[in-house]
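Down below is the structure, laid out as structure tokens.
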Amino acid sequence: MESKLRSLFHDPEYYTKSFHCYAALSAKFSVLANWGETVFGEAVVDKIKVTLGENEELRVLGIGSGSGEMDMQMLTKLLRRFPLINNRVVEPALDQLVKYKALAQSEAHDLHGVLTCDWRQQTIDQYEKAGDSRQFHFISSIHSIYYVDDVDRSLMYLYDRLDPGGILLVVTVSDDSGFWRLWNHFPSFQDSLMTFTNSSHIRGSLERRGIPCTQYHQRSRVEITQCFDEASEEGALVVDFLTHVVKLKETAPAQLYKEVIEYLGSDHCSEKSADDVLFNNDWDAVVVCKPVD
Ligand SMILES: C[S@@+](CC[C@H](N)C(=O)[O-])C[C@H]1O[C@@H](n2cnc3c(N)ncnc32)[C@H](O)[C@@H]1O
């Protein structure tokens, strides 16, 4: 990263602010909700091969669950098949955990089953180092694997934490998404706290170890027209989330900022629709089913 530029991860509060600004624009959670209703059922819920005793809980692990919107969608769906769930959440940002707890509490009465949560304010690397040997039936990392120390190692760690018959779900940006093209075009925006990663890296890492996986592609477009309005504060926050740089407009050399904005608006990253600019936000879900011995 160029000397004056700071990754979003040096400022967790700012990260959350810019992420939620982008998530609101992208209607992220409604797209994921729809995905939860359709693909998730077939690709994950129906494929978990475990036989649980009468009072036995399905053990679930969420990595980088944020404020929990996506995880609660998945848990709601899982509870229909497995009415007792123990959900361990590994999320380093305290404010996100607080929001997730509130969401889980507010939805508890409408769930078809009993959900017990176990909160860990940790990164995945801290969790791994703590040495807990618990095994899980379902593990998910939704747009969080970018932030681990070593993607290959963490993937293997998560795979090892799966019970036979269990499922690992990793969601990342697609290899032909605007995110990937932008990160790839400006590699200096990456720093030690983040590895720019796409779904082909995840598949490649698994395949190199002989672990079969299935990929589900999700097309998604996000209207980012305000990023091109110099006066828009929201637009600037969205640019910061896209580049993962804190206050890019104020900290980058003017020429670099101009190049970023031009590249964002180009057909490498976006499509035009009348006066709107639609960012290519395609993502992929990579699903691994651990064989039953
Ligand atoms: C893009 S957000 C995704 C949140 C949520 N999974 C979703 O899809 O809405 C990434 C999340 O990963 C968390 N995170 C950052 N570094 C992490 C790490 N090293 N291990 C686990 N989670 C991390 C962040 O705090 C943030 O909540």
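The values are calculated or read from the model by the stated rules, or taken from the named source; none is laboratory data. This structure is a prediction, so every number in the text was calculated from the model and none was measured. Glycine also receives a Cβ, built like all others from the backbone with ideal geometry; neighbour counts cover every protein chain displayed.
Can you go through F19, F40 and tell me which one is at pLDDT 90 or above, of a type in the set (F, W, Y) and over 26 Å from Q121 (Cβ atoms)?
F40 is the lone residue from the list that is at pLDDT 90 or above, of a type in the set (F, W, Y) and over 26 Å from Q121 (Cβ atoms).
Examine the stretch 233-245 for a residue that is surrounded by fewer than 20 Cβ atoms within 10 Å (Cβ to Cβ) and assigned to a loop (DSSP other than H, G, I, E, B), and state whether such a residue exists.
no
Report yes if Q121 is touching a residue at least 60 places away in the same chain (Cβ under 8 Å) and farther than 23 Å from R209 by Cβ, otherwise no.
Taking the combined requirement at face value, the residue does not satisfy it.
Looking at the stretch 102-112, can you tell me whether even one residue there is modelled with pLDDT of 95 or more, in a loop (DSSP other than H, G, I, E, B) and not aromatic (F, W, Y)?
no
Only one of L75, L79 is farther than 23 Å from I145 by Cβ and modelled with pLDDT of 95 or more. Can you tell me which?
L79
Determine if the stretch 179-200 includes at least one residue that is under 16 Å from the mean Cα position of the chain (by Cα), in a helix (DSSP H, G or I), touching a residue at least 24 places away in the same chain (Cβ under 8 Å) and more than 16 Å from the ligand (Cβ to nearest atom).
So far as the stretch 179-200 goes, yes, one or more of its residues are under 16 Å from the mean Cα position of the chain (by Cα), in a helix (DSSP H, G or I), touching a residue at least 24 places away in the same chain (Cβ under 8 Å) and more than 16 Å from the ligand (Cβ to nearest atom).
If I ask for residues that are exposed (fewer than 12 other Cβ atoms within 10 Å of the Cβ), of a type in the set (G, A, S) and either at pLDDT 95 or above or within 13 Å of the ligand (Cβ to nearest atom) (or both), which ones from the stretch 117-141 would you list?
Within the stretch 117-141, A130, G131 qualify.
Consider only pairs whose beta carbons are under 7 Å apart and that are at least six residues apart or on different chains; among these, list those whose first residue lies in the stretch 94-113 and is under 14 Å from L75 (Cα atoms) and whose second residue is among the β-branched types (V, I, T) and surrounded by 13 or more Cβ atoms within 10 Å (Cβ to Cβ).
Pairs that qualify, where the first residue is under 14 Å from L75 (Cα atoms) and the partner is among the β-branched types (V, I, T) and surrounded by 13 or more Cβ atoms within 10 Å (Cβ to Cβ), are Y100/V89; L111/T76; G113/I85.
All but one of (1) in contact (Cβ under 8 Å) with a residue 24 or more places away in the chain; (2) in a helix (DSSP H, G or I); (3) loosely packed, with under 15 Cβ neighbours inside 10 Å hold for H217; which doesn't?
Among (1) in contact (Cβ under 8 Å) with a residue 24 or more places away in the chain; (2) in a helix (DSSP H, G or I); (3) loosely packed, with under 15 Cβ neighbours inside 10 Å, the lone unmet condition for H217 is (2).
Determine whether L206 is aliphatic (A, V, I, L, M) and within 16 Å of the ligand (Cβ to nearest atom).
Spelling it out, it is not the case that L206 is aliphatic (A, V, I, L, M) and within 16 Å of the ligand (Cβ to nearest atom).
Based on this model, can you work out whether T172 counts as surrounded by 22 or more Cβ atoms within 10 Å (Cβ to Cβ) and not small (G, A, S)?
Criteria met by T172.
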